[in-house]
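Here's the structure, in structure tokens; my notes come after.
The values are calculated or read from the model by the stated rules, or taken from the named source; none is laboratory data. The shown structure was predicted, so the numbers you read here are calculated from the model rather than taken from an experiment. Glycine also receives a Cβ, built like all others from the backbone with ideal geometry; neighbour counts cover every protein chain displayed.
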Amino acid sequence: MLIELTVLFGSTYWLRKKRGKRKQQHPSYPLAKTRTDAGANKPSLPAKQLLQQLKQAVTSSGREQLQLSIDPELPKAMAQARQRFRKNIYWSMGAISLALLSNVYPVLYPLGVVAVLYIYRVLFVKIAKDLQQGRYLTTYVVTTLMLFGMIATGNLFLAALIAFVAGLFAKFVDRVEGYSQQSLTNVFQACPAQVWVLRDGVEIQVDLQTVTTDDKVVVNSGEVIPVDGRIESGIGYIDERLLTGEGQPVEKSTGEPVFAATLLLSGRICICVERTGEATTAAKIGHVLEQTQNYKDTLITRGRQTANRLLPVTFGISALTLPLLGPVPAVAVLSAGMGSSLTFLGPMSILSYLQILSRRGILVKDGRIFEALREVDTVVFDKTGTLTLEQPTVGEIHVLGELSESLLLRYAAIAEYRQPHPIARAILKHAEAAGINLSEPDEAYYAAGFGIRVKVDGLTIRVGSKRFMQDESITLSATAQTIDEATEKTGHSLLYISTDSELAGILELQPTLRPEAQATVDYLKKRGVKLCIISGDHEEPTRHIAETLGIEQYFAGVLPEDKAELVHQLREQGGFVCFVGDGINDAIALKTAQVSVSLKGASSAATDTAQVVFMDGTIASLPSLFRLVDEFEGTMKTNVATSLIPGAVTIGGIYLLHFGIATGIGLFYLGLIAGLGNTLKPLLKHQKTGTSEETSQQ
């Protein structure tokens, strides 16, 4: 019904305007928490708890607490808004009373008309603007005709009742929408108001706002980490689902980075502060999500356009009904309001799915991807590194001397013991899998970037590159040269091992496919998407990875500056391209594609140029992203049905079953309630289904 939507929009317009002004005047503040409730910051909620929070969101106390978490000044605006809601409801109750009493005392009818017109005063402002801009057939114009038609036909009671019910409904819709907005952004802004800082060997409690760079913040088990920084001492298990979507806690120790708003599950750590407050990764991501919500305005506009396109049909049927059935059925036709509820259902659906995506570690920075992803027919993976892990795998072990294969591996592992780089981790993992016992080297000399020399069992062991061996005066045999030439074609790297002055063997290191790569590629192929790899690597390793994964098209030896041109060529060939990169030397290519996805991770998500950022730095979320966007489209189609069908039934019922205005009102609200239920259903569904379970079910 047009008149209900007008009242709903008019009732919430002023509040949204006040919110916007407040956000400009007062940036978001971190959510205040005490040490006792820090453990309550759980990003993943069971359905029962979600329902409780929704219930809390539509009560005054819960609403006030949520608003206070964003802006301490905002409750004043909320109080004014609530007063405005109450005032309109009281006026509508008075108008209802006058309408009822006018049946006994007709002299009260004009007073009831005045009360109804006052309630709909926002409508007259809107219609004046439309007429000034030359728009003569809009929702507001038709609603005005319907309003005066109801008054003229003696349906003053229904007009007042509509205002009363619509006022209550507007209050509910606004509060649920406000809850969705805040639960989306607050999850990245939950930090304690006070923290413990180590100064001169003594822990003191200070306000978080006074903490500066290089301060030492102490965090205990069960507390929310309040700053970005690196662990200076201690070990802890940290829940980073907030940023990465990863369900399992991660163990972190000295030197490793930690992020604000993540939860220390166990342990005790001392953090050297790098960023605080609005500069933290979590705060920046919160602001990004606030900007993403602006896509709601696009859906609001689209909902109005849908309703306006149907207005000539509705108006024409009403004009035809007037001479055929009379004025009351003609007014009832105007009340159908087909498509009007999309003005509210679209934005609420966006908020629901943004929240679902963010809880799965998928940061959407541009709401237009909800439309663009459905058009994607080509996915380009930037570099083989997008499909492979940083840590390689030990492949063939070439024995060139008298040492056994296991002893050669043992010496290499001891030499790389406690080294932090990926190659060292690969060797140590292979040695552990082979059951080789390791020990500390007697002494070590490390040549940065080339190799390491250690003493083991009285022998001088050298492990490193070909250049390192040459610098150490180790002679490379003809066999070693042959191996080097052969692996150059495959793209594998070699690690040389010598004992004393003799070359003892070579470890062949090969790229490790990401564990999720094959499943992701299989899903995209099943979806009918064309796949392509653009890599700066040599032809052979690129071809090998493409063949292993079943990707037919690839480009090897491409310089970073040429990747954007290749993406442009794919677009010119008619492809709708989604570019998946790791955020390194691919900014231009990301901007050239219609859809851009970055694996750069949470640490730089706020500054990443991509439209979508996978916070865990893997491609495991790519199928989920496509599935959720498809699901969003299905939700919107159902919303369209709930918006159109009640109006169509109303018009048909007027001609076939003699429906009146009251029946039309009931059908409209039935459709609107069904649409709201359909909009909120995904939140409940995805509280029960995690990303891994969702993937396994497909």
**Complete:** A careful count of residues in the stretch 323-347 that are out of contact with any Gly (no Cβ under 9 Å at 6 or more places or on another chain) and touching a residue at least 40 places away in the same chain (Cβ under 8 Å) gives 1
**Prompt:** What residue, among those in the stretch 574-618 that are at pLDDT 70 or above and hydroxyl-bearing (Ser, Thr, Tyr), is surrounded by the fewest Cβ atoms within 10 Å (Cβ to Cβ)?
**Reply:** Thr592
**Fill in**
Note: among Gly401, Gly385, just one is touching a residue at least 60 places away in the same chain (Cβ under 8 Å), part of a loop (DSSP other than H, G, I, E, B) and surrounded by fewer than 22 Cβ atoms within 10 Å (Cβ to Cβ), namely Gly401
**Request:** Could you grab me the full set of residues in the stretch 255-294 that are at pLDDT 80 or above and of a type in the set (D, E, K, R)?
**Result:** Glu256, Arg268, Glu274, Arg275
**Request:** Considering (1) under 20 Å from Ala336 (Cβ atoms); (2) in a helix (DSSP H, G or I), say which one Met93 fails and leave the rest.
**Result:** (1)
**Asked** Pick from Ser352, Ser318, Ser341: which is of a type in the set (S, T, N, Q) and within 17 Å of the chain's Cα centre (by Cα)?
**Response** Ser352
**Asked** So which of Gln481, Gln470, Gln518 is assigned to a helix (DSSP H, G or I), more than 20 Å from Glu396 (Cβ to Cβ) and over 45 Å from the mean Cα position of the chain (by Cα)?
**Response** Gln470
**Item:** Residue list for the stretch 484-515, restricted to those being over 30 Å from Asp457 (Cα atoms) and assigned to a loop (DSSP other than H, G, I, E, B)
**Value:** Gly491, His492, Pro511, Thr512, Arg514, Pro515
